[in-house]
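The values are calculated or read from the model by the stated rules, or taken from the named source; none is laboratory data. Computed from a prediction, not measured in an experiment: that's the story for all the values here. Here the Cβ positions follow ideal geometry from the backbone for every residue, glycine too, while neighbour counts run over all protein chains shown. Side chains are part of the model used for accessible areas, which takes the heavy atoms of the whole protein and leaves out ligands, DNA and RNA. Shrake-Rupley method; radii C 1.70, N 1.55, O 1.52, S 1.80 Å.
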Amino acid sequence: MKVLICTDTNAAIDRAAHLMTDRLRDKPKSVFGLATGSTMEPLYDRWIAIAGDEGLSFARARTFNLDEYVGLPASHPQSYHHYMERFFFDRIDIDRANAHLPNGAAPDPAAEAKAYEGRIANAGGIDLQLIGIGRNGHIGFNEPTSSLTSRTRLKTLTRSTLEANAAHFPPGETPPRYVITMGIGTILESRACLLLATGAGKAEAVERMIEGAVSAACPASALQFHPSATIVLDPEAASCLKLRDYYEQVHPAGRETTVEGARGA
Ligand code: F6R
């Protein structure tokens with residue numbers, strides 16, 4: 001795992017946005033795995049701004065989101081389809097036919113989950129998967145005890161995730177209990193993973209992900225198996241890490257370092 005601890009929250013968002021932009025520049029036809037949630041809102045803003053400054057186009061990019069609520073049509077204001085339109089797709093030149101999310105309104109969610117896996121495979125797999133982390137260590141909506149080899153499927157959200165997600169729903173409206181989510185096995189097949197975590201509320205989950213035992217009790221810890229996983233953190237999200245000094249020594253202020261650079265330092 002590459003652990004990049006940035007100087008503040010804005011720097012972490014900027015760092016992650018630059019990593020996404022680097023991939024788009026290097027391979028305009030990239031297949032991106034995308035995430036939703038509060039953490040990602042400023043990330044999309046920044047990515048759009050940087051790509052715009054560089055004159056990069058998303059017209060050839062393809063995207064697959066991690067998850068969607070079961071029972072919410074794409075038009076529902078709290079659906080992840082709607083979130084993606086608002087924070088990303090409406091603001092870039094992506095071909096909508098290439099922007100995929102699981103269909104939460106599908107009559108047979110299990111069949112839809114399976115078909116979604118097929119769509120990812122047909123696109124040639126995911127080049128770079130963007131990931132957020134839940135306070136309980138979930139990635140996508142793979143809640144604790146999810147199989148570390150799981151595939152895209154129907155999942156039941158935990159009470160704590162429902163409470164966290166309720167903040168995005170109008171008062172009195174509760175989020176659906178079921179979601180379709182990419183599995184941990186699906187996520188691990190991405191050629192590269194980029195997890196962004198900000199804020200003290202994520203600090204314990206981040207510590208378990210990076211320094212804890214690999215366990216279904218903390219689904220994000222499965223990223224320890226991934227050969228190319230980059231974790232971008234602000235100081236608050238990094239505050240429980242025991243080896244923080246080491247990560248900061250290897251990547252000062254979250255910067256890349258090379259053996260040559262280290263020699264010259
Ligand atoms: C959403 C997703 C979730 C979120 C996680 C963190 O697509 O996959 O795993 O990334 O729940 O959400 P925020 O950023 O709202 O704390």
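Of all residues in region 189-218, those being in contact with a helix residue (DSSP H, G or I) (Cβ under 8 Å, 6 or more places away or on another chain), open to solvent by 10 Å² or more (accessible area, probe 1.4 Å) and either within 15 Å of the ligand (Cβ to nearest atom) or free of Cβ contacts under 8 Å to residues at least 12 places away in the same chain (or both) number 6.
Comparison of G104, G125 shows that the only residue that is at positive phi and at pLDDT 95 or above is G125.
Set side by side, the residues T186, T161 differ, and just one is within 13 Å of P102 (Cβ to Cβ), touching a residue at least 12 places away in the same chain (Cβ under 8 Å) and in a helix (DSSP H, G or I), which is T186. Given I48, I13, which one is under 20 Å from I131 (Cα atoms) and more than 16 Å from the ligand (Cβ to nearest atom)? Among I48, I13, only I48 is under 20 Å from I131 (Cα atoms) and more than 16 Å from the ligand (Cβ to nearest atom).
Residues that are buried (at least 18 other Cβ atoms within 10 Å of the Cβ), among the hydrophobic types (A, V, I, L, M, F, W, C) and in contact (Cβ under 8 Å) with a residue 24 or more places away in the chain: which helices (runs of 4 or more DSSP H) entirely in region 1-99 hold 3 or more of them? Answer list for region 1-99: 9-26, 40-53. Among the residues of region 99-128, those that are within 16 Å of the ligand (Cβ to nearest atom) and small (G, A, S) comprise A99, G104, A113. Residues in region 138-182 that are aromatic (F, W, Y) and modelled with pLDDT of 95 or more: F141, Y178. Looking at P42, is it within 16 Å of the ligand (Cβ to nearest atom) and closer than 23 Å to R177 by Cα? In short, no.
Only one of the listed residues (S30, S57) is more than 16 Å from the ligand (Cβ to nearest atom) and more than 24 Å from A220 (Cβ to Cβ). That residue is S57. If you filter region 129-158 down to residues that are part of a strand (DSSP E or B), open to solvent by less than 20 Å² (accessible area, probe 1.4 Å) and more than 19 Å from D234 (Cα to Cα), you find that the one that is farthest from the ligand (Cβ to nearest atom) is Q129.
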